[in-house]
Every structure is written in C-alpha cells, then in structure tokens.
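Report on the structure given below.
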Amino acid sequence: MAVSASLEALLRSSIDYAGMFPPCGLALEPALQNHATYVRSSQAWMLNAFVLSVQQFDSARQLLSSFDPLHPLRVAALGPKTESARAFLDALENMDSAIRAFSKYGVDLVSISQIEMFLPDDVELPSLKEAKAIVGDLPVFWEAPPDKAEATIALLAKHNSDEEAATFGYKLRTGGVTADAFPNSAQIARALVNAGKRELPIKFTAGLHHPIRQFRDEVEAKMHGFLNVFGAAVLAAEHQWDADQAMMMLEDEDPRSFSFTDDSFAWREWKIHVERLRSQRRFVVSFGSCSFEEPRDDLRALNLL
C-alpha cells in the first residue's frame, strides 16, 4: 500500500539503527551487514544513522565493503560516559580526533552525521562553550537522566541562544530492557514540551520498538510508542500544549486515535497539516532502536505501511 504523506513526514529519517545494543546485542559485523541491507530497502526513507561507539571506529574501518557512494554509512558517533566536566572535555577531544581519522578513511563511504554523549552533572555553560569549540558545527545530542531533563534543556537552550549555529540538542532515554529503565509519561511529556517551547532539537533512545504504547511481557512494563512520542512532540510544539495534554497522548493505547492522510496527521481532535509537520520535525530528530524490523512489522500490522 502507498504510504500516506503525513506518516512519511512524521517518520522520515527517524530511526537510528542501534543493532549492537540491548536487547538485540549483535556483533559489529552482522549489525553493519544489516544496515547495508536496510539502506537499500524500500523503507530506507525511515532510516537515519548507524549508532557506533567511537571505540569501535577502528574495527568498523575494516567492514565498509558493503557500502558504496550511493549507499554510504551515516554514523551517529557515541562517546564514552564520563563523570566530570574535565574528563568529559578530554574524552570529547579524543573523540574529535577519532572522528576526523574515521571520516578521512572512506570519504565516499562513511560520514559522521551527529554525536551522542552523556552530560556529567557538573557541566555548565563554560564547559559547553569549550565543547562547541571542539566539535564545531557537528550536531550533538547530550544525554541526561529524565529527572534532569528540564534543567538540561534550559542549559542547552541558553548555550544555543549564545551561538551563531545552534547545534546542541537533548537526548532522552525512553526505555531499556527492565521496567525501571522506562521513564514515566509525565517525565517524557515535560521534556517534550520544554524542548518544543525552546525549539531545541530532541532525540530519543531505547524502548521505542513499537508504534503504540502497550504492555510487553519481556520487560514486564508498558513500553512507550514511537507514534505517541513523535506525534506528541510535534503536536505539542504546534499547538502549545502543556505537559498534561502531552501526557494524555503519550498514554493513549488505542491505534484508532491516530489518523494519517496525505493532508494531515491527527490524534483525536488535534491535527497538524503535512507542511507544518515537516517544519516541526526539524526539532524532533530521531529515535534509536536495536531493531529496524520490529517498527516496520508493527506499522504493517496497523495497515500503515
């Protein structure tokens, strides 16, 4: 079936393939082979970057033969977790050197599209300015725990307002392999609303394998749906929702509440037209998933794909 224009707008370049991470936990070579298949698939339009730890750059260099200039490897470079601002900046310097070396190796085959890295508690505006000097104009998503989302978003927005190129965004962890890894809907809603008000780019990682929120036996918890999360992010920004309204959408488990046409996307009575949806997606970037199959299988089961 033909994909509606609004679904395509909501999900274009939305999935960062993280096949080496739990629960899939593939080795590097099969994960890269999967990605090489995905970039040639009919749903490649949904695919964004390949999540690759900077420590694995050297190993990945030897495994680029499945990619070509028409189907290059776009990498979301994952930095190490550090405990202090000083260690954070040192790690970022090392990461910058590794990125430069990796990018030079196969200029037509590989590119770094973004950086993702955990932000230690003691990082403040001066450290972010130093970080900006290191990474230049490369987009970066700084991760902080859900209970620190609002303060982190405010800090990053302050940094971006002082810079000519606003390249820093926030990364929110939306799940994991155990029930305690999932933030509650209120935490996600507050992050979405705060990021949207400040036009701060936001991306998500973990737990968003399925389109609609649902209870899953494998984690003994309700997993957030990527249509709920992405949809709530764009609708909250478009209609100036508060966190309570966003939370209502995040907790909706009825697929019939979601409507996709060539003109607009709607959740219940709330609607956003396709052109506005594309515009709002500038700030709702992607979500990491260890599977590129599960999200598509579920969309097919909903007759959306």
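The values are calculated or read from the model by the stated rules, or taken from the named source; none is laboratory data. The shown structure was predicted, so the numbers you read here are calculated from the model rather than taken from an experiment. Because the Cβ atoms are built from the backbone with ideal geometry, glycine has one as well, and the counts that use them run over all protein chains shown. Side chains are part of the model used for accessible areas, which takes the heavy atoms of the whole protein and leaves out ligands, DNA and RNA. Shrake-Rupley method; radii C 1.70, N 1.55, O 1.52, S 1.80 Å.
Annotations
- Packing rank of 150-161, 223-234, where each peptide gets the mean count of other beta carbons within 10 Å, highest leading: 223-234, 150-161
- Shape call, region 239-305: gyration tensor on alpha carbons, a/c limit 1.5: rounded
- Rounded to the nearest Hz, the phi-derived 3J(HN,Hα) couplings of region 49-54 under the Karplus curve 6.51 cos²θ - 1.76 cosθ + 1.60 (θ = phi - 60°) are 9, 9, 7, 9, 5, 4, where x marks glycine and proline.
- A 1.4 Å probe run over the protein chains yields, for region 151-305, 42 Å² of accessible area per residue, whole-number rounding.
- Dipole magnitude (debye, nearest 20) for region 40-165, charges at Cβ of Lys, Arg, Asp, Glu: 520 debye
- Taking all Cα pairs closer than 8 Å and separated by 6 or more residues, the relative contact order of region 111-152 comes to 58 percent.
- Dipole of the chain, positive direction: furthest Cα of 169, 277, 50, with charges on the beta-carbon: 277
- Region 232-305 versus region 125-171: alpha-carbon centroid distance in Å: 25 Å
- Taking the DSSP beta bridges with both ends in the chain, the antiparallel portion is around 25 percent.
- Seen from all directions on average, region 161-223 presents a Cα convex hull projection of 4.9 nm².
- Three-way shape label, region 266-305, alpha-carbon gyration tensor, a/c 1.5: oblate
- Computed packing ranks the peptides 208-214, 143-149, 253-259 as 208-214, 143-149, 253-259, most packed first, by mean other Cβ atoms within 10 Å.
- Taking the chain and dividing mean pair separation by its residue count, relative contact order in percent (alpha carbons under 8 Å, at least six apart): 21 percent
- Of the peptides 63-75, 116-128, the ranking by mean beta-carbon count within 10 Å, highest at the top, reads 116-128, 63-75.
- Across the accessible surface of region 81-229, with the other protein chains kept in place and a 1.4 Å probe, carbon and sulfur atoms take up 48 percent.
- With the helix formula -39500 (n - 2.57) applied to DSSP H stretches of n ≥ 4, the chain reaches a computed 222 nm mean residue ellipticity of -12000 deg cm²/dmol.
- Across region 137-176, the volume of the C-alpha convex hull divided among the residues equals 52 Å³ per residue.
- Between residue 97 and residue 161, the distance separating the two model label sites (each 7 Å from Cα on the Cα→Cβ line) works out to 3.7 nm.
- Only lysines eight or more places from residue 148 in sequence, or on another chain, were considered; those with a Cα closer than 18 Å are 81, 158, 171, 197, 203.
- With one equal scatterer per alpha carbon and no solvent term, the Debye-computed log10 I(q)/I(0) for region 136-271 at 0.09, 0.11, 0.16, 0.19 1/Å reads -0.27, -0.40, -0.81, -1.07.
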